[in-house]
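The block underneath contains the structure these notes are about, expressed in structure tokens.
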Amino acid sequence: MILGETIFDIVYLIAVITIGGKMMQSSPRKSQYWLFGLMAVILGCGDAFHLVPRVWAMHTVGLDAAFAPLGFGQAVTSITMTIFYVLLYHIWEIRYRQTSVSSLRITVYVLAFLRILLCLFPQNRWMSPDAPLSWGIYRNIPFSILGVIVLVLFYKKAKETHDQAFRFMWLAIAISFACYLPVVLLAGKIPPIGALMIPKTCAYVWMVWMGYSALKNSSTSK
């Protein structure tokens, strides 16, 4: 299991960062595909703060003895995941030409700000072996609302415009949250629940791949 998870984590990090870098190099700055690439790089780099210490701990001192670096990595990942969804929202704006929806943009920014602010509170006790569940719930309330908003936006617009490339973006978002939230709520009491982070990670890779595939298709159609 340790070897399998190690290989999975390394392949995942290399894949999303590499794909993201390629998308940024081959796309005009601040275009939807450039933002997709930036989103993928931020996702991979942020997750590295958690996965690299995890891989190290599994092969050395053990996960129980590495709660401090793992907790710090989780804090970083929580912030970068928030930025991921803000960028995904901006991709929605550009792709579907919705840049005039200022009230919606403000809502997204406010939810992201609240999420990051809550992540920074010392009460989270990120680097403690007994971090409180209550703060795990608090910081994930605005994040979950943000995720639902982005999910609904992509579902409606992809259906309305018959966007084949992003027709399942909403489903990937739904899977990511369906796997992530049980881990937040139950993994402390039921450790095997933590295995849901694997399909959650796969859902993120799927999102990135949708963007990369759309870029490739747009390039070949020119």
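The values are calculated or read from the model by the stated rules, or taken from the named source; none is laboratory data. Quick caveat, the model's predicted, so the values are computed rather than measured. Please note: Cβ atoms are built from the backbone with ideal geometry, for glycine as well, and neighbour counts cover all protein chains shown. The accessibility values were calculated without ligands, DNA or RNA, using every heavy atom of the protein model including side chains. Shrake-Rupley method; radii C 1.70, N 1.55, O 1.52, S 1.80 Å.
Against the set [x] 17.6, 55; [y] 16.5, 50; [z] 16.0, 46, the structure's computed Rg and Dmax of the Cα atoms in Å falls on [x]. Measure nothing but the geometry: give the 0 to 90° angle between the long axis through the Cα atoms of 32-59 and the longest principal axis through the Cα atoms of the chain, rounded to 10°. It is inclined by approximately 10 degrees.
For Lys22, the lysines whose Cα comes closer than 16 Å to its Cα, not counting residues fewer than 8 places off in the same chain, are Lys30, Lys216.
Taking every Cα-Cα distance in the stretch 88-163 and sorting them into 5 Å bins starting at zero, the pair-distance distribution P(r) comes out as 3, 15, 21, 18, 13, 10, 9, 6, 4, 1 percent.
A crude spin-label estimate for the pair Arg97 and Ile141, with each label 7 Å from Cα along the Cβ direction, gives 3.9 nm. Per residue of the chain, the DSSP helices (runs of n ≥ 4 H) give a summed -39500 (n - 2.57) that works out to -27000 deg cm²/dmol at 222 nm. Compared with the dominant Cα axis of the chain, that is its longest principal axis, helix 133-161 is turned about 20°.
Of the solvent-accessible surface of the chain, computed with a 1.4 Å probe and all protein chains present, 71% belongs to carbon and sulfur. Here each label is just a point 7 Å from Cα along the line to Cβ, and for Ile106 and Val52 those points are 4.0 nm apart. With a 1.4 Å probe rolled over the protein heavy atoms of all chains, the accessible area of Trp126, Trp209 falls in the order Trp209, Trp126, largest first.
Treating only the Cβ atoms of Lys and Arg (+1) and Asp and Glu (-1) as charged, compute the dipole magnitude of the stretch 26-149 about its Cα centre; round to the nearest 20 debye.
Numbers: 9 positive and 4 negative charges, 98 e Å.
Roughly 460 debye for the stretch 26-149.
Kirkwood radius, the stretch 62-191, all distinct C-alpha pairs, inverse of mean reciprocal distance: 15.9 Å. The accessible area of Cys119, taken with all protein chains in place and a 1.4 Å probe, comes to roughly 10 Å².
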